[in-house]
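Heads up, the thing below is written out as structure tokens.
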Amino acid sequence: MGVKIIATGAYVPSYRVSNTDLECLLDTTDEWIQQRTGIISRHISQGENTSDLGYYAAKMAIEQANIDVAKIDFIIVATMSADYNTPSTACLIQEKLDANNAFACDINAACSGFVYALHIARSLMDYSTNGYGLVIGSEVMSKLLNWNDRSTAILFGDGAGCVLLEKSVKSNLLSHVLHSDGEKGLSLCAVENPVCNPFVDNEKEVLPFLRMNGRDIFNFSTRQIPTLILETVEKAECTLDDIDYFLIHQANLRIIELVAKKLDVPLDKFPTNVEHYGNTSSASIPILLDELIQQRKIVLNGECTILMAGFGGGLTWGALLIRI
Ligand code: COA
């Protein structure tokens, strides 16, 4: 039994913040940001939360597929910026969609979240009654950032992307590889939740924002992603030439360019949109997929082979090879 992507959706808040806008807030320049990251602008929420963005993306996919929401068996949301600790973002979206027959939960694998969630969804589909499930990557990264820290505030953006899955006889997921390395987790962490109750003496300084060792993450991703891609391709017994597009987590243009170079694959097989959205964490891959479908560069006819690869906090990294 397998899964098929039958529709996609994406949503970003309307408020666009350019690098030049950031020059007024931080000691930075448009030139520095573009040179180091490729980012020109990002969309920032002025109030819509993670469940709102995810809901709009999901609604778009459902409308496109024109299916009855009652047939959706599960909603998995990949996020590191949930509205609440509980209820989950997925439950909030279930309520907004009126998808009353779905079970719903969040998973957190930071910027690898969408790839992890899609793999989990494939397994869940075996037990699905009606044969439909939603996988959403949704983030309001702007609420996790220290807006006085120029080394991180310039990198991220808010947004959501979604795929609607249908159970299929043929397995379209050709291979997957997921990795985690908790030992290096503190290279990228966000918002510490320490034990706080009347029985603890809490003098400890708490991390209220996202903090990252940029150089470590850069080295980690440029070292691990080419290996991860080769591992995934080998597992499916195919070659890099068989892949139409490589959808790499949109963290930084320099990382994507280095990965393409290391694999000796033409850069035009690595579509990007980090220029306009910044790093939207778990939302970056589904937003990019939706964009390619809207531009008709990808048609959902079962003839396009794409490799999705995510990396980020945890540390986590993972890839899926899928025919869509
Ligand atoms: N504007 C201007 N100068 C800045 C700046 C900014 N926004 N941010 C940092 N700098 C300065 C630093 O203070 C430092 O100055 P100094 O040499 O006087 O100390 C200098 O620029 C170089 O800083 P450094 O951190 O070494 O830059 P870098 O070349 O490593 O680039 C990143 C920084 C963050 C762009 C880069 O490390 C990176 O892309 N890392 C991966 C991050 C990522 O994608 N994370 C998410 C993964 S999911």
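Quick notes on this one:
- Checked against (1) at pLDDT below 95; (2) hydrophobic (A, V, I, L, M, F, W, C); (3) open to solvent by 10 Å² or more (accessible area, probe 1.4 Å); (4) touching an Asp or Glu at 6+ places or on another chain (Cβ under 9 Å), residue 173 passes all but a single condition, namely (4).
- For segment 10-20, the candidate set comprises residues that are within 15 Å of residue 277 (Cβ to Cβ) and surrounded by fewer than 16 Cβ atoms within 10 Å (Cβ to Cβ); within that set, the residue that is farthest from the ligand (Cβ to nearest atom) is 14.
- Just one of (1) charged (D, E, K, R); (2) closer than 24 Å to residue 292 by Cβ; (3) within 16 Å of the chain's Cα centre (by Cα); (4) away from the ligand (no atom under 16 Å from the Cβ) fails for residue 4. It is (3).
- Filtered by the rule that a residue be within 13 Å of the ligand (Cβ to nearest atom) and either touching a helix residue (DSSP H, G or I) at 6+ places or on another chain (Cβ under 6 Å) or under 19 Å from residue 234 (Cα atoms) (or both), segment 254-271 gives 255, 258, 259.
- Enumeration of residues in segment 289-320 that are touching a residue at least 24 places away in the same chain (Cβ under 8 Å), away from the ligand (no atom under 16 Å from the Cβ) and under 22 Å from residue 277 (Cα atoms): 289, 290, 291, 292, 293, 297, 298, 306, 307
- Test: residue in segment 208-226 that is open to solvent by 20 Å² or more (accessible area, probe 1.4 Å), among the aliphatic types (A, V, I, L, M) and either part of a helix (DSSP H, G or I) or more than 16 Å from the ligand (Cβ to nearest atom) (or both): no
- The residues of segment 16-67 that are charged (D, E, K, R), more than 17 Å from the chain's Cα centre (by Cα) and within 24 Å of residue 294 (Cβ to Cβ), listed by number, are 16, 48, 59, 63.
- Residue among 268, 290 that is closer than 26 Å to residue 11 by Cα, open to solvent by 60 Å² or more (accessible area, probe 1.4 Å), assigned to a helix (DSSP H, G or I) and at pLDDT 95 or above: 268
- Flag for residue 78 being over 24 Å from residue 278 (Cα atoms) and either buried (at least 20 other Cβ atoms within 10 Å of the Cβ) or of a type in the set (A, V, I, L, M, F, W, C) (or both): no
- Any hit, segment 244-253, residues being in a loop (DSSP other than H, G, I, E, B), away from the ligand (no atom under 13 Å from the Cβ) and open to solvent by 20 Å² or more (accessible area, probe 1.4 Å): yes
- Matching residues, segment 31-51, being open to solvent by 40 Å² or more (accessible area, probe 1.4 Å), charged (D, E, K, R) and either more than 10 Å from the ligand (Cβ to nearest atom) or not in a helix (DSSP H, G or I) (or both): 48
- Of residues in segment 135-170 being open to solvent by 20 Å² or more (accessible area, probe 1.4 Å), among the charged types (D, E, K, R) and more than 14 Å from the ligand (Cβ to nearest atom), the one nearest to residue 29 (Cα to Cα): 143
- Those residues of segment 16-41 which are touching a His at 6+ places or on another chain (Cβ under 8 Å) and not β-branched (Val, Ile, Thr), in sequence order: 16, 41
- Test: residue in segment 88-101 that is hydrophobic (A, V, I, L, M, F, W, C) and either surrounded by fewer than 16 Cβ atoms within 10 Å (Cβ to Cβ) or within 24 Å of residue 206 (Cα to Cα) (or both): no
- Cross-chain or 6+ apart pairs with Cβ under 8 Å, segment 118-132 first and free of Cβ contacts under 8 Å to residues at least 12 places away in the same chain, then aromatic (Phe, Trp, Tyr) and crowded, with 17+ Cβ neighbours inside 10 Å: none
The values are calculated or read from the model by the stated rules, or taken from the named source; none is laboratory data. Predicted model, so just to flag it, every value in this text is computed and none were measured. Backbone-built Cβ (ideal geometry, glycine too); neighbour counts: all protein chains shown. For accessibility, only protein heavy atoms count, side chains too; no ligands or nucleic acids. Shrake-Rupley method; radii C 1.70, N 1.55, O 1.52, S 1.80 Å.
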